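Before any comments, here is the structure.
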Amino acid sequence: MVTQLTKFVSAGVSLLTLNLTVLAVGALETSAQSSPTTTFSDVQPNYWAQPFIRGLAARNIVTGYPDGTFRPEQPVDRDEFAAIIRKAFDQPPTRQIASGAVYKDVPTNYWATRPIEEAYQQGFMTGYPGGYFRPNQSVSKVEAIVALNKGLNLTTGTSAVTVPTVMQRVVPQKTAQKPVKRRVLMPIGFTTLMQPLLISKASAIAANAVNINRPASFIITNTYADANKIPQYAVGDVAAATKANIVVNYPNPKVLNPSKPATRGEITALVYQTLVSQGKIEAVAINLPANQYIVRTPVNKQNAQ
C-alpha cells in the first residue's frame, strides 16, 4: 500500500515538473517571437551603419531575413522603402487617393499596396506618369532624401535674419532717476588692444548669420564634392535635409552619390537621422564611428562643438 502511494506521488511530481517545463519553454518561445532581432550575422559591431540598424531594428522599423542576415549592401526597392516609411512615421494624410484610382503596376493583393498608398497620402512618395509606381525599381539616394524631406516639410530656412552688431545692447527704460555716476576712462592703448577682439567677434557673428541665411545652392556646393551631380529639382530638399543632419554619407561625408541606388544600410541611416531630427529617437553617440559620417553644414559643426 505504501509502495503504491509512493509511486503515485512520484508520478504526480513528475507530471507537474513536465507541465512547468512545457510552460517555461512556451513562455521563452513567445518572448523570443515578440522581441525584435537587433543583431545580424552580416552586420558586425564595427560596420559603419551598425548603430542605425540596431536602433531601428529594436523598434521593428527594419527587419532581417529568415537566414539571420540583414543584407545591408542590398539596394532598396521603392516598395520596401514605402514599407519602412510606414513603420517609421505617423504623419497625417496630406492628400487622398481618388476613389478607384490605383497604380497599374500595384495589384490590390500586392504585399506593399497599403504602405505604398499611405506613403503617397502622407506626401512622402509619388508615382510616375501613366499611373505607374514601379514598386520593384531601386530608389536612389537623392530620391530617398527628397521623399523624407517632402513628407516632413523641412525647409532650408533662408528667410531674412538681422545680423546683430556687437556694440548694440538693449537698455531697459526706467522712469526712476538714478544718481549720476562718474565715467571711467580707459587708457587709449587699452582700447586699441580691445578693437581686434571686437572686430573678430563681430565677424564671427556676421558669418554665422550669413551661413544660416545662405540659399540652398550655396549649402549644396559648399558641402558636397559632387554637388554638380545633384538634380536641380532636388537641390532645395537636399539642402534642407543637410541642415537637419539627416544625410549620412559613407565612406566620405562630402560625397553624396545622389544617383546611386540606396542600400538597406544607407536607407536605415537616413530614416534613423530623420527620427533624430524629430526628437523621436536618441542621437548616435559622438564617440561611435558612425557619427563621423553624418553630414553637417559649417553652422551645424560650430553648434555641435
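Laboratory data are not the source of any read-out in this text; all were calculated from the coordinates shown. What you are looking at is a predicted structure, and each value in this text was computed from that prediction instead of being measured. Note that each Cβ is placed from the backbone with ideal geometry, even for glycine, and that neighbours are counted across all protein chains shown.
With an 8 Å Cα cut-off and a minimum separation of 6 or more residues, compute the relative contact order for the range 77-136 in percent.
49 percent
Using a 10 Å cut-off around each Cβ, can you sort TYR110, TYR272 from fewest to most neighbouring Cβ atoms? Each step should come with its number before you reach the end.
Details: TYR110 16, TYR272 29.
Least crowded to most crowded, the residues run TYR110, TYR272.
Within a 10 angstrom radius of the beta carbon, how do THR297, THR126, THR242 rank from fewest other beta carbons to most?
In increasing order of surrounding Cβ atoms, one gets THR126, THR297, THR242.
Once you have the Cα-Cα distance between VAL255 and PHE218, take 0.36 nm times their residue separation minus that, and quote the gain in nm to one decimal.
My answer for the length gained is 11.7 nm.
Just want the ordering: GLU282, GLU80, GLU266, from fewest to most Cβ atoms lying within 10 Å of their own Cβ. Write down the numbers at each step before the final one.
On the way: GLU282 10, GLU80 20, GLU266 25.
The order, fewest Cβ neighbours first, is GLU282, GLU80, GLU266.
If you count, for each residue, the other Cβ atoms within 10 Å and average over each peptide, how do 147-155, 40-48 line up from highest to lowest?
147-155, 40-48
ILE286 versus GLN96, label points 7 Å from Cα toward the beta carbon: distance in nm?
4.9 nm
From the P(r) of the range 77-136, could you give the percentage of C-alpha pairs in the tail past 18 Å? It would help to have the intermediate numbers written out before the result.
Working: 434 of 1770 pairs.
Everything past 18 Å amounts to 25 percent.
Mind ranking 61-70, 217-226 by how tightly packed they are, going by the mean number of other C-beta atoms within 10 angstrom, highest first?
Order by mean packing, descending: 217-226, 61-70.
Cα-based Rg (one decimal) and Dmax (whole number) for the range 29-136, in Å?
So, for the range 29-136, Rg and Dmax equal 16.1, 49 Å respectively.
What percentages, rounded to whole numbers, describe P(r) for the range 219-295 computed over all alpha carbon pairs with 5 Å bin width beginning at zero?
Computed distribution, short to long bins: 3, 16, 27, 28, 17, 8, 2, 0.
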